[in-house]
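The structure under discussion appears below in the form of C-alpha cells.
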Amino acid sequence: MNRSFSLENNFQQFLQANKQQQVWSMLEFWALQHPDKVALVDYRSPDKPACTFAELYHRACGMTSALINLGATPHQKALIFLRPSLNFHPLIFALFRLQIIPIFIDPSMPRGEFLKAVKLLRPEIIIAEPIAIWFSRFYSEEFASLTLSITSKKSFALDLPCLEDFPEASPLEVAKLPWAKDDNLAAILYTSGGTGIPKAVPYTHSIFWHQTLNLRELFGLTEHDRDYPGFPLFSMFTLCLGMQSGITQIDPRGPARCNPEAVARDLVQSQATFAAGSPAIWEKVARHARHHGMVFPHLKFLTLFGAPVSLRLHREWAPLLPQGTTYTPYGATEALPVACISGQEILRQFSTLIFEGRGTCVGRPAPGIEIAIIPITDEVFTQAQELPTLLPGEPGEICVKGPVATSEYLFQSEETELSRVHTAHGFWHRMGDLGYLDKNGFLWFMGRKKHRLDACGALISTETVEATYNDHPEVQRCALIWARNPKGERVPTLAIERTDGKKLCRKDAQKFEKHLFEFSARNPQARQVSHFVYVKKMPVDVRHNIKIDRQKLSEKFCGKFSKIY
C-alpha cells in the first residue's frame, strides 16, 4: 500500500477515534507517525535552520516540564509577547497541554486600552521579549498579578528563566497530565478594534480543533502540502495537519512593510502549496512578481484575509498561479471560518454582479456553519423561540452558528449581549456585517454595519460602492464615508487613494471625477456618491495594514470636497 495514502488514512481514523478535541494530540500523532519530516523552517536565516515533527514534539514536552518546574499550574493565564522564532510553536503547544491560557494582545493597541486589558485579565505569567518584561515592570500596578516572568533570551540585568535554556524532555511525564475538557478555555485573543474598542475573545480547545478540521476540509490539505504563513499563529493549524510550515520574512507587526522580493523568493524555493495572510502582503508580492516575470508553479492555495479583496487583486494573481488560485475566507476573530470562495469562481461567475453593486460574494458556508440574515438593528435582540430571518436576496445583518463561534466577550457584558441572539436551539453570533444569502445559498458581504449610510431613505453600504470604484485602474483603494458639506448637511463621500499617489489639481480632478461618475454608471449605489476627496495614503489598521479607518477620514475631510459633475 502507498505509504502516503496509508498515513492519510491513519490520520482520518485518528480524527474519528480521538476522544480529546485537543490540538496537542494532532502534534503527537505526526511526531509518532512521521518523526523525521521537517515541521518548521526559519526562512529568515541563510542556512534555514529547521526542526522535525519529533523535535518539535520533544521541544514542546520540554517546555511543558520546565513550566511545571517553575510552578506554573493549569488555568493560569500567560501574556505572550514573542517575536516569531522556532520556540514560539512548541511553547504554545505546551501551554495548551498544561491548560495554561495564552493571551494574545496586539502590541500596537493604544497604550491605555492595552493596560486596561491587562489589569482586567490579571495574568499570572508573562512570556516575552526582554523589552516587554521591562515594560511590565515600569507599569507594575497594571501587571501586579504576575507571579512568573519568562524571557525569550538572555538579557543584561534580567535574571529570569529563559526559553532558550528550556531542555527537550521525554513525553512520559507529559503523558501523565490530565487532559482539558473540550469546552475549557484554551486561549484569549483580542479583536483589532477596527469598528470600536478591542474586545477579549475566549477560545475553547474545541474551537481550535474544529477550525483545524475546517481548514483541512475547505482546501483538501494533506501532509504533502507546505505552508508559508503570513501570520505566525495561523501556522499552528497547518502543523496539526502534518504540513511543513515556517518562520517567514513577514513581520506580523506590520505585514505591509514586508520585502516582496524575499517573500516571492521563499515561495518559489520552499515549493509552498499553501500561503495565507493580509492582502497588504500579496498586493506587494504580485506587483514584484509581474515586474520580474515570476510565477509560483507549486502554490495551489493563496488565502487572503483581514479585509475585502478587490477584483483587481484576484485578476493580478490569476496568471501567477498556473496550478492554483486565490481564496477569500470570510469570518472574524469571533467566528472563523464562516464561508469561503475561490478567486477563480469569483472572476468566472460573480465579477459582473460585484461591479454592479451587489456586494462581494464570499462563498458558501464552511463545514458545520449555519448562516442566517436578520433585520438590521443596533439594539439588543431579546431571546426568541426562532431567529427572525429574512428571505433570500434581502439585505440584513449576518448571523452565524456553529462549533467555531465564540460564546462571549470577556468583561464586556453589554458587547456580548449586542452580539448574541439567544434562541431555543442555542445562540447565534451577530457578525456586525451586512449582507444577504442568494437563492443558491451563497453569502454576499455588503460591508460593516457601523459603516452603513442612509441617504435619501435608502441604505448605502460600503462594499456595494467601493467594489466598483476599486476596479478603476487609477484607484488604488477607496472608502465610502459620511462627511458634512458647507451647509452642514451629511453627504455620501468617497475618499480615494490613487495608484500614482498624486493629488490632482482642480482642473484634472474635475475631469477625473466626471470620468469616475461615468465609470460607475452601472451601479446605482455608487451613483449615490456626491463628492470625492483624496488622500496620499489611506489610514489603516495596525494588525492587517488593510482595513481603512473611516472615522479618521470623516474627521479629516469634514466639509472639504471637490465638486462632482
Size of electric dipole in the stretch 20-206: Cβ of Lys, Arg +1 and of Asp, Glu -1, about Cα centre, debye, nearest 20 = 380 debye
key: Helix 279-291 axis, angle to the chain major axis (alpha carbon atoms, nearest 10°)   = 80 degrees
inquiry  = Projecting each Cα onto the charge dipole of the chain (Lys/Arg +1, Asp/Glu -1 at the beta carbon, about the Cα centre), which of Leu221, Thr464, Gly447 comes out farthest on the positive side?
reply    = Thr464
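Could you calculate the contour length gain from Lys503 to Ala318, that is, 0.36 nm times the residue separation minus the distance between their Cα atoms, to one decimal place in nm?
Values: separation 185, 0.36 × 185 = 66.60 nm, distance 3.08 nm.
Contour length minus Cα-Cα distance gives 63.5 nm.
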request  = Scan the stretch 478-528 for trypsin sites (Lys or Arg not before Pro) in coil per DSSP, keeping those whose Cβ has at most 15 other Cβ atoms within 10 Å, and list them by number.
outcome  = Lys487, Lys502, Lys503, Arg522
query = In Å, what is the Rg of the alpha-carbon atoms in the stretch 484-544, and how long is Dmax?
reply = 13.3, 38
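Beyond 36 Å, what percent of the Cα pairs of the chain remain?
Details: 58548 of 159330 pairs.
The share of Cα pairs beyond 36 Å in the chain comes to 37 percent.
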note = Computed over the chain: longest principal axis from alpha-carbon atoms vs helix 260-270 long axis, angle to nearest 10 degrees, is 50 degrees
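Please give the charge dipole size of the stretch 454-563, origin at the Cα centre, charges +1 on K and R Cβ atoms and -1 on D and E Cβ atoms. Round to the nearest 20 debye. All intermediate terms of the calculation are to be shown ahead of the outcome.
Working: 22 positive and 14 negative charges, 100 e Å.
Magnitude of the dipole: close to 480 debye.
Once you keep just the Cα pairs under 8 angstrom separated by 6 or more residues, what percentage relative contact order results for the stretch 454-563?
Working: 167 pairs, mean separation 33.1, N = 110.
That works out to 30 percent.
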remark   = Between the residues Pro322, Pro90, Asn10, the Cα farthest towards the positive end of the dipole of the chain, that dipole coming from +1 and -1 charges on the beta-carbon of Lys, Arg, Asp and Glu, is from Pro322
ask   = What percent do you get for the relative contact order of the chain when only Cα pairs under 8 Å and 6+ apart count?
value = 10 percent
note = Rounded to whole angstrom, the alpha-carbon centroid of the stretch 307-382 lies from that of the stretch 51-83 at a distance of 37 Å
Relative contact order (%) - the stretch 334-451, alpha-carbon pairs under 8 angstrom, separation at least six = 30 percent
message = Just want the ordering: Thr191, Thr416, from fewest to most Cβ atoms lying within 10 Å of their own Cβ.
response = Thr416, Thr191
MRE, 222 nm, helices only [DSSP H, n ≥ 4, -39500 (n - 2.57), over the chain, to nearest 500] = -9000 deg cm²/dmol
request  = Specify the angular offset, from 0 to 90 degrees and rounded to the nearest 10, of the alpha carbon long axis of helix 506-519 from the longest principal axis of the alpha carbons in the chain.
outcome  = 80 degrees
task = Please name whichever of Ala280, Trp134, Asn69 sits farthest to the positive end of the charge dipole of the chain, dipole taken about the Cα centre and charges placed at Cβ: Lys and Arg +1, Asp and Glu -1.
result = Ala280
query = For a label point 7 angstrom out from the Cα of Leu459 toward its Cβ, which stretches of the stretch 373-417 have the backbone nitrogen within less than 20 Å?
reply = 373-382, 387-401
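Test of understanding: ordering His472, His75 by Cβ neighbours within 10 Å, fewest first, what list do you get?
Working: His472 18, His75 12.
Final ranking by Cβ density, sparse to dense: His75, His472.
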remark   = Within the stretch 342-419, DSSP-loop GluC sites (Glu not before Pro) with at most 10 other C-beta atoms within 10 Å are Glu379, Glu386
message = What FRET efficiency comes out for Lys552 versus Phe517 if R0 is 25 angstrom and r is the Cβ-Cβ distance? Round to the nearest 0.05.
response = 0.45
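For Asn69 and Lys439, what is the calculated FRET efficiency with R₀ set at 45 Å and r taken between the beta-carbons, to the nearest 0.05? Mind showing how you got there, number by number?
Numbers: r = 60 Å, r/R0 = 1.34.
For Asn69 and Lys439, the calculated efficiency is 0.15.
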Within the chain: Cβ-based charge dipole about Cα centre, in debye rounded to nearest 20 (Lys, Arg +1; Asp, Glu -1) = 1920 debye
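Since every read-out is calculated from the coordinates, none of them should be taken as a lab result. Keep in mind the model is a prediction, meaning the values are calculated, not measured. Neighbour counts are summed over all protein chains in view; Cβ atoms, including those assigned to glycine, are modelled from backbone coordinates with ideal geometry.
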